[in-house]
Each structure stands twice: as C-alpha cells, then as structure tokens.
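To keep things clear, I will list the structure first and then write my remarks on it.
The values are calculated or read from the model by the stated rules, or taken from the named source; none is laboratory data. A quick note: this is a predicted structure, and the numbers were derived from the prediction, not measured. Here Cβ is always computed from backbone atoms with ideal geometry, including for glycine, and neighbour counts include all displayed protein chains.
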Amino acid sequence: MRARCPGTITRFGREAALAFDPSEYGRHIPADVYDQAYAHLDPEAAVDRLIALADGGPICEFGIGTGRLALPLVQRGMSVAGVEGSEEMAARLRSKPDGGRIELTIGNFAEARVHGQFALVLLAFNTIFALPDQPAQVACFRNAAAHLRPGGRFVIEAWVPDPAAFHAGGALRPVWVAEDAVLLEAALLHPAAQRMTTTKIRLTHDGVQLLPANHRYAWPAELDLMAELAGMTLESRWADWTGRPFTDESREHVSVYQLGEAQ
C-alpha cells in the first residue's frame, strides 16, 4: 500500500519522528485475518457506483489490499490495476481467483506510479488517513491526478471526523456484532496533530486478535482543498455508495473529484 515516507507517529500522548513504512500494516495484521475481520462488508453498492463512474474505462486502486473491491470489479469486466505497500496483502490478492489479472505495483500510493492513464483512481475505506501528515495527503492527490486521463475521476471513501465522540481523549465503540464474532475499536484522539491511535479488537471463539492502525484525519473541506491544489474539483459527494445525500448528520462520505479537461 505505501513506501517509506517521513511522518510523526503519536502513541499514548508521546510523539516520535518515524519513517512512514507502507508495509507495516500488513505485518501487524495478517492478510487472512484482515479478510475475516471485514467479511461483513458488502461491496455490491460500491462496485456498481464505481463501474458507472469509470464509464467503461480502466481503474487504478490505491491501497488495493486483498482485493475486496478490485476483484468484484474485475469479475464484472473492468480493467483494474493497483498500488499496495504490503507484500503480504499483495500475495493474498494474487492467490485469489482472478487476482492474477490485476497489475500490482508495490509501494507508497502517495508517490508510486502505475503505467498508463486511468478513467478512475480509487482510494476507499478511509485509506487516505493512513498517510501520516498533510503533505503526504496532498502528494497523494497529486499522484492520483497524474494517473488520470483528462476528465478522469478520483474517488475517496472516508469517515467524517467527530471529536465530540471522544470522552477525555478516548473512545471505545462496536464496529460489528454477530453471534460468532465481535469487532470493537479503541481509539485515542490527538487533536493538535489531527491524529488518532486506534486498535480494532476482534473477539471470536478462537481468541482475541488486535488490528492496530494510526490515522491522520481530515474534514471533507480539507480534502476538497487538496483536490484543488492537484487540479481537480469536487463533482459529487454522497453519504455512502448508494448515493444517499450528504448532510450534517452524515458520518461518512464518498467524494468524487474530477480532473480538468485538457486545453
């Protein structure tokens, strides 16, 4: 998903300058555990929306992971390439049916280049926030624009920051509850740096699994400015992949940015 990039990791209120390692996520979270933890997410609405937005053209997914969205897109006849920082995640994707049909580039999606021009670049499932700071996120928008053909679209799926949900700087919430598994999320908020330290906790009959991650969050308006700096403008924003209107109560958004036509 990502290559090394300078950043600041904040843990338990202490800051340490660390190199950003795109392969770290895959080392902390085994690819098979990742698939199990998010198996409850239905990709159908996202795949339908992305096919419509791509209008038959090729798609490049930044942070492609194990192919939760990419493989259904390929199976629906779309041409898909991707950037992934974790060799473990990439190996899991390649091992799946149709995984070999996806051109994979291992590296930092804020800077890695994939051959060709695309109708659509995708950055789903809050992955923009995996980048460690604002400069890295701005670079990601510019990299997306560099992959797009004139008039192409950059699509981001992300949550809307809600600092009020934290009590004394921390929060614990259920993500998913079923008879055989429970997924919780524990988080610490570091508002001065717009950062969160999070660990998802997966509880099953087999035991407890921890899925750590750090986030440098940004509000939709900040992402809009990043897009403008990269030569893109906001075309659409919805509350989810089904196209529900984005409102004051929306906790997530799907934002579509369009690159200007060639002059």
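Here are a few things to note about the model shown:
- Qualifying positions in segment 52-71 - part of a helix (DSSP H, G or I) and over 17 Å from the mean Cα position of the chain (by Cα): ALA52, LEU53, ALA54
- From GLU249, GLU157, residue being within 30 Å of ARG113 (Cα to Cα) and either modelled with pLDDT of 95 or more or outside the structural domain of PHE129 (by TED's automatic domain parsing) (or both): GLU157
- Inside segment 86-136, residues that are in a helix (DSSP H, G or I), within 19 Å of MET232 (Cβ to Cβ) and out of contact with any His (no Cβ under 9 Å at 6 or more places or on another chain) make up a count of 5.
For every residue, the table says whether it meets (1) surrounded by 17 or more Cβ atoms within 10 Å (Cβ to Cβ); (2) touching a helix residue (DSSP H, G or I) at 6+ places or on another chain (Cβ under 6 Å); (3) of a type outside the set (Val, Ile, Thr); (4) modelled with pLDDT under 95.
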residue	(1), (2), (3), (4)
TYR217	yes, yes, yes, no
THR233	no, no, no, no
GLY243	no, no, yes, no
LEU259	yes, yes, yes, no
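- Matching residues in segment 107-127 - criterion: being among the aliphatic types (A, V, I, L, M), out of contact with any helix residue (DSSP H, G or I) (no Cβ under 6 Å at 6 or more places or on another chain) and touching a residue at least 60 places away in the same chain (Cβ under 8 Å): ALA112, LEU122, LEU123, ALA124
- Filtered residues of segment 138-175 (kept if surrounded by 21 or more Cβ atoms within 10 Å (Cβ to Cβ) and in a helix (DSSP H, G or I)): CYS140, PHE141, ASN143, ALA144, HIS147
- Scanning segment 205-263 for residues that are of a type in the set (Phe, Trp, Tyr) and assigned to a strand (DSSP E or B) turns up TRP238, TYR257.
- Of the residues making up segment 28-49, one or more are at pLDDT 80 or above and touching a helix residue (DSSP H, G or I) at 6+ places or on another chain (Cβ under 7 Å).
- Filtering segment 191-198 for residues that are in a loop (DSSP other than H, G, I, E, B) and either surrounded by fewer than 15 Cβ atoms within 10 Å (Cβ to Cβ) or among the hydrophobic types (A, V, I, L, M, F, W, C) (or both) leaves an empty set.
- Residue in segment 250-261 that is at negative phi and free of Cβ contacts under 8 Å to residues at least 60 places away in the same chain present: no
- Remark: GLY77 falls outside the filter, which requires a residue to be in contact (Cβ under 8 Å) with a residue 24 or more places away in the chain and of a type in the set (Gly, Ala, Ser).
- Just one of the listed residues (ALA193, ALA230, ALA218) is closer than 18 Å to ASP162 by Cβ and in contact with a Lys or Arg (Cβ under 8 Å, 6 or more places away or on another chain), and it is ALA193.
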